[in-house]
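Remarks on the structure that follows.
The values are calculated or read from the model by the stated rules, or taken from the named source; none is laboratory data. Remember, predicted model here, so these are calculated numbers, not experimental data. Methodologically, a virtual Cβ is constructed for each residue, glycine included, from the backbone with ideal geometry; neighbour enumeration extends over all protein chains shown.
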Amino acid sequence: MPTTHQFDAIIVGAGGAGLMAALYASKGGAKVAVVSKLYPTRSHTGAALGGIGAALGNLEEDKPIWHAYDTVKGGDYLADQNAALVLAENAVDAVIELEHMGLPFDRTPEGKISQRRFGGHTSNFGEKPVRRACHAADRTGHMILQTLYQQCIKNNVKFFDEFHVVDIIMNQGACAGAVAIELGTGDFHIFHAKATFFATGGWGRVWRVTSNAHTLTGDGAAAVFRRGIPMEDMEFYQFHPTGLYGLGVLLTEGIRGEGGILLNGKGERFMVKYAPNIKDLASRDVVSRSIYLEVRDGNGVNGKDYVHLDIRPSTVNKYLEAAGETRRVDEAYIARVLAETLDVCRTYAGVDPLTEPMPIQPTAHYAMGGIPTNIDAEVISDARDTVVRGLYAAGEVACVSCHGANRLGTNSLVDLIVFGRRGGMKVADYVKHADFVPLPANPEKETEAEFKRIRNSKGKTRPVELRKEMQRIMMDKCGVFREGKMLDECVTDMQNLRERYRKDLHVDDLGSKYNTDVLEAWELGCLLDLAEVTAVSAANRTESRGAHSREDFKERDDNNWLVHTFVTRDSTDVYTDGNPKLVIDTTKKVDMSLAEKDPAFMPKVRSY
Ligand SMILES: Cc1cc2nc3c(=O)[nH]c(=O)nc-3n(C[C@H](O)[C@H](O)[C@H](O)COP(=O)(O)OP(=O)(O)OC[C@H]3O[C@@H](n4cnc5c(N)ncnc54)[C@H](O)[C@@H]3O)c2cc1C
């Protein structure tokens, strides 16, 4: 029999979003547990390097409305404008609050929070780049995670570490909690809660080259999706332009913020061609596509599929001088502000960025889409904004949607803090008056059967083989550039892989304690589900917008496509229905509330 635990609220995931939600729910008086498959400070938020954006205006004039504008424009006008405004306005408070909690931000000489430039962030509605990214060296995410974890401990939040949540429990149209497996024992646990909050992060492991940690397998999104909740805007997946060649390890955009330059195999600064105005600091989708085109035209370094990122002081100073800027950098400065980056390059690529350029290629990085929510982190179940009682989501797993078709750098950390906090407050309010939804009989039954099936499967294919195949296909057919026929093939490929996953799997470890073999096999099932939804959503959207770039529909089509994509599974038979139908709904229009007041927010052709 599984052990049953009861809390007002359980938060699934202990990254920035989960910890912020836990902190605010507990501050509001709720009895809160955080359930996390990783030890909290190992969450991917800790890998975020560059910074968190907020219009503090510490170094030059800045305003939240300019931040909202950049967010909407960077998102290629698919961002819900009400959500982008909340993001930009709440960011200012939220960052100052982190400072008050003890987060050691870098300082200006006057003692204010220091800020640096980042791609796509400008002042006065796109006029010129602005210093908006607050940073603690290039360890900003690490510091956020440590600060929030300490605050949660202080506030008596209960932690269940190394517990994998594998299902949500739905009853009477509401969420009654979640089912989890304890890694150390293999035992099932039932978490019975008034509010269940998903903050499980992204799923970069769908692709071959990715900046995402091994654990980012989309479990939370898949678990919710399998119970009939739609996934929103899944065709929009961001490739970050500067992944370390061959490995995908992320090199922060802060490098270009500090003056780093992209150079092709001929030593040319090619971004001048693609974004004459903002050059190397154009938004990520634009830079990733430019690199792809350079490589396709034979301008990769040594004829290979990578280009160079150069932060050597001699290079940076040359371009600063040419731009008429007075600022200069030296080795000591670069070594201080990009300490983590230098370390990563030396360790993983054997390249010292102070003396040689870094080899880079685009790497799968961030999910703009996910579990649909409103601006208070309440999950919605359809294009008409119907709220699912007791179910919440925030952070990368959620789609608010404040990032639209493409997220700006630093805006994910803002999203975690802003919507984690709003969600936490909403939960605290909700649990005060809500009752527990009764648990159905044996809520672990279906998942237990699935784990039994995986453990006892006698097929020929190991999960790692299927995973590699999925990652290769998604990279080739549903990556930086897309095209109709390839996307259709990709959908069929994913369905075939899922069929093999059901019928021909083979796992080696038959034990129950610390059986990561079986858990990884289960995680692969999540990745396959999300890969298929991504391909289906991408095939359906016949335009190019933000991170979704189609060779057969090169233009953005504002007449037909200022709408969100909702994909729902027609069956909530979680594991046994081999081929559930995916239903697409594109009736939800993008929120244009800022454009109604100010024409600056109307969709415009992008120029750089
Ligand atoms: C290398 C890198 C650098 C980045 N740099 C920046 C940056 O400078 N600025 C910026 O704004 N953004 C950056 N990002 C993006 C940003 O860091 C992430 O989008 C964000 O941290 C996600 O936070 P989260 O709280 O949603 O999830 P995560 O921090 O990924 O945490 C997910 C949590 O969910 C838990 N979990 C997952 N599945 C389960 C399960 N089945 N059961 C229980 N628990 C589960 C995990 O244990 C973990 O605690 C970067 C991302 C990467 C990969």
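Some notes on this structure:
- In segment 306-355, of all residues being farther than 24 Å from Ala47 by Cα and basic (Lys, Arg), the one that is modelled with the lowest pLDDT corresponds to Arg327.
- Residue list for segment 467-521, filter: over 26 Å from Ile584 (Cα atoms) and assigned to a loop (DSSP other than H, G, I, E, B): Asp504, Val507, Asp508, Asp509, Leu510, Gly511, Ser512, Lys513, Tyr514, Asn515
- Looking at segment 172-274, the helices (runs of 4 or more DSSP H) lying wholly inside it that each contain 1 or more residues that are within 15 Å of the ligand (Cβ to nearest atom), touching a helix residue (DSSP H, G or I) at 6+ places or on another chain (Cβ under 8 Å) and not basic (Lys, Arg) sit at 219-226, 254-257.
- Among (1) part of a loop (DSSP other than H, G, I, E, B); (2) assigned by TED's automatic domain parsing to the domain that holds Gly141 - the single one Asp415 does not satisfy: (1)
- Among the candidates Val567, Val583, Val507, Val574, residue that is in contact with a Ser or Thr (Cβ under 8 Å, 6 or more places away or on another chain) and without any contact (Cβ under 8 Å) to a residue 40 or more places away in the chain: Val583
- The listed residues are Gly46, Gly57, Gly51, and the only one of them that is on the phi > 0 side of the Ramachandran plot and surrounded by fewer than 24 Cβ atoms within 10 Å (Cβ to Cβ) turns out to be Gly57.
- Residue match in segment 507-515 (condition: more than 17 Å from Phe236 (Cα to Cα), aromatic (Phe, Trp, Tyr) and touching a His at 6+ places or on another chain (Cβ under 9 Å)): no
- Criterion: in contact with a Phe, Trp or Tyr (Cβ under 7 Å, 6 or more places away or on another chain) and without any contact (Cβ under 8 Å) to a residue 60 or more places away in the chain - qualifying residue of Glu378, Glu321: Glu378
- Test: Gly74 is touching a residue at least 40 places away in the same chain (Cβ under 8 Å), surrounded by 24 or more Cβ atoms within 10 Å (Cβ to Cβ), touching an Asp or Glu at 6+ places or on another chain (Cβ under 6 Å) and farther than 23 Å from Gly423 by Cα: no
- Residues being in a loop (DSSP other than H, G, I, E, B) and either touching a Lys or Arg at 6+ places or on another chain (Cβ under 8 Å) or within 16 Å of the ligand (Cβ to nearest atom) (or both) - total across segment 418-442: 4
- Residue under evaluation Ala405, criteria (1) away from the ligand (no atom under 15 Å from the Cβ); (2) touching a strand residue (DSSP E or B) at 6+ places or on another chain (Cβ under 8 Å); (3) not assigned by TED's automatic domain parsing to the domain that holds Lys426, criterion not met: (3)
- Residues within segment 518-553 that are among the charged types (D, E, K, R) and either within 19 Å of Leu293 (Cα to Cα) or without any contact (Cβ under 8 Å) to a residue 24 or more places away in the chain (or both), tallied: 5
- Residues in segment 152-171 that are crowded, with 20+ Cβ neighbours inside 10 Å and either away from the ligand (no atom under 14 Å from the Cβ) or more than 23 Å from Glu396 (Cβ to Cβ) (or both): Ile169, Met170.
- Within segment 560-580, the presence of at least one residue that is part of a loop (DSSP other than H, G, I, E, B) and closer than 22 Å to Asn374 by Cα is confirmed.
- Scanning segment 280-291 for residues that are out of contact with any Pro (no Cβ under 7 Å at 6 or more places or on another chain) and crowded, with 21+ Cβ neighbours inside 10 Å yields Asp280, Ala282, Ser283, Asp285, Val286, Ser290.
Each row is one residue, and each column tells you yes or no for (1) in the same structural domain as Ala22 (by TED's automatic domain parsing); (2) not β-branched (Val, Ile, Thr).
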residue: Asp429; (1), (2): yes, yes
residue: Ile454; (1), (2): no, no
residue: Thr461; (1), (2): no, no
residue: Met470; (1), (2): no, yes
residue: Met474; (1), (2): no, yes
residue: Met486; (1), (2): no, yes
residue: Asp504; (1), (2): no, yes
residue: Asn515; (1), (2): no, yes
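- Filter result for Val157 (β-branched (Val, Ile, Thr) and touching a strand residue (DSSP E or B) at 6+ places or on another chain (Cβ under 6 Å)): yes
- Filter pass, Leu85 being hydrophobic (A, V, I, L, M, F, W, C), away from the ligand (no atom under 16 Å from the Cβ), assigned by TED's automatic domain parsing to the domain that holds Phe163 and touching a residue at least 40 places away in the same chain (Cβ under 8 Å): yes
- Filter result (closer than 30 Å to Ala68 by Cα, in contact (Cβ under 8 Å) with a residue 40 or more places away in the chain and either assigned to a loop (DSSP other than H, G, I, E, B) or more than 15 Å from the ligand (Cβ to nearest atom) (or both)) within segment 27-57: Lys27, Gly28, Ser43, Ala48, Leu49, Gly50, Gly51, Ala54, Ala55, Leu56
- Comparison of Val379, Val388 shows that the only residue that is under 22 Å from Gln6 (Cα atoms), more than 16 Å from the ligand (Cβ to nearest atom) and crowded, with 24+ Cβ neighbours inside 10 Å is Val388.
- Tabulated pairs, segment 162-188, first under 18 Å from Leu216 (Cβ atoms) and among the aromatic types (Phe, Trp, Tyr), second near the ligand (Cβ under 10 Å from one of its atoms) and part of a strand (DSSP E or B), C-beta under 8 angstrom, 6+ apart or interchain: Phe163/Val35; Phe163/Ser36; Phe163/Ala180; Phe163/Ile181
- Complete set of residues in segment 541-558 that are within 24 Å of the chain's Cα centre (by Cα) and either hydroxyl-bearing (Ser, Thr, Tyr) or farther than 18 Å from Val72 by Cβ (or both): Arg541, Thr542, Ser544, Ser549, Arg550
- Within segment 281-292, residues that are within 16 Å of Gly75 (Cβ to Cβ) and touching a residue at least 24 places away in the same chain (Cβ under 8 Å) sit with their Cβ atoms under 6 Å from residues that are of a type in the set (A, V, I, L, M) and buried (at least 23 other Cβ atoms within 10 Å of the Cβ), at 6+ positions apart or across chains, in these pairs: Asp285/Ala547.
- Counted residues, segment 1-26 - those being crowded, with 21+ Cβ neighbours inside 10 Å and more than 6 Å from the ligand (Cβ to nearest atom): 13
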